[in-house]
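The structure appears right after this line, and notes come after that.
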Amino acid sequence: MKRIFSGVQPTGNLHIGNYLGALRQFVDLQEENECFYCVVDMHSITVPQDPKLLRSHILDIAALYMAVGLDPKKATIFVQSQVSGHAELNWILTCNAYTGELSRMTQFKQKSQNKESAPAGLFCYPILMAADILLYDADIVPVGNDQKQHIELTRDLAIRINNKYGDTFVVPEGRFLKAGARVMALDDPTAKMSKSAPNEMSRIGLLDEPSKIKKAIMRATTDSEGVIRFDIENKPGISNLLNIYSAFSGKSVEEIEAQYEGQGYGSLKKDLVEITVDALTPIQQRFKEIRGSQLLTDTLNEGAARADAVAKKTMARVKERFGLGL
Ligand code: AMP
Ligand code: TRP
């Protein structure tokens, strides 16, 4: 049995990219592994947040975790800031990370671009992520490709500290999604679907109404060739729709191409609307039941207690290795 850790930030509602790229893997992994799934609220304050909205988003993400099928009996679901070990280990790792390696992180470069000054938290963000992972002795971290560099840094920190202080951390491995599993923006299929893109029609939120889903898919950018064929280079829009269709229907892309031979984009889009709505409706129903329930707060409090017990053990080991405390 492997130890799994992953986290999602409580910023805005999750979209189908998050679901197909991350959450669906989380659900599969819980069957045969010991999983820790975290709502990483401390990561989200690297950019300004409205406190009331943040609390509400934390509960949204946790409820969505459960709505997509995470089972609190199988997986530990919790909120990062409820376990103090994350912040503690973060500091110790910060003292072992180099400013040079942090300044090479592409996510930092992107997020600090065009800003006169960036919060130090944005710069140190990957260290906190390393702390999340190393605190639980995670073997495997399922994440999107965009997190590859952060996982590399986590591994470097673990190896560096193990070499210097003796065996302290498990060196984790990233489990990245296949290239085709990346969901692209509907309005611009060369960019990935993102929570923060200004155009609402660029994404499909897991909690979106059928009418919004329909609008976004029917307006999705395609091309003028008129042939339904998978070709990421020349037909990124249609290829993206085929990927989404395949992911929700379980059919292979080849099967779908054959099914729509000789048909126009309109019929593919129309069917994709139906398939997407059908996939999201049960998730939305469960979300409604869970979001305001006692079960949600109980799950998170129990999850935090379970996580804290593991974190305390790791921190005792780390402090002993570093000669901290008594
Ligand atoms: P984020 O929305 O950046 O907080 O990402 C949460 C998780 O979803 C991470 O594992 C991401 O890599 C994954 N993810 C985010 N956007 C996409 C996308 N468009 N396609 C596939 N996976 C994604
Ligand atoms: N940085 C990740 C993202 O933006 C979220 C995250 C924080 C995370 N801590 C983590 C993911 C630990 C995996 C493991 O998607």
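What follows is calculated from the coordinates using simple rules that are stated; it is not laboratory data. Owing to the predicted nature of the structure, the values given are computational and were not obtained by experimental measurement. Neighbour counts run over all protein chains shown; Cβ positions are idealised from the backbone, glycine included.
Here are some notes:
- Over the chain: helical MRE at 222 nm, DSSP H runs n ≥ 4 each giving -39500 (n - 2.57), nearest 500: -16500 deg cm²/dmol
- Rounded tilt (10° steps) of 120-135 against the dominant C-alpha axis of the chain: 80 degrees
- The label point for Asn114 and the one for Leu324, both projected 7 Å from the Cα toward the Cβ, are 3.8 nm apart.
- Pairs beyond 25 Å (Cα-Cα), from Lys148/Lys214; Lys192/Lys215; Lys74/Lys148: Lys148/Lys214; Lys74/Lys148
- Projecting the Cα positions of Ile151, Gly166, Met184 onto the charge dipole of region 137-186 (unit charges on Cβ atoms of Lys, Arg, Asp and Glu, taken about the Cα centre) puts Met184 furthest along the positive direction.
- Here the Karplus curve 6.51 cos²θ - 1.76 cosθ + 1.60, taken at θ = phi - 60°, turns the phi angles of region 239-256 into couplings of 4, 5, 5, 5, 4, 5, 4, 5, 5, 7, 9, x, 7, 6, 4, 4, 4, 5 Hz, with x standing for Gly and Pro.
- Amide H contacts of Met184 (H built 1.01 Å from N, in plane; Pro and chain starts excluded): Met193 sit under 5 Å, all sequence-distant by 5 or more or on other chains.
- Charge dipole (Cα centre; +1 on Lys/Arg Cβ, -1 on Asp/Glu Cβ; no other charges) of the chain amounts to roughly 700 debye.
- Dipole-positive endmost among Ile92, Tyr245, Ile290 within the chain (Cβ charges, Cα centre): Ile92
- Size descriptor, Kirkwood hydrodynamic radius, that averages inverse alpha-carbon separations across the chain, Å: 21.0 Å
- Between region 226-266 and region 142-207, the Cα center-to-center distance that results, in Å: 26 Å
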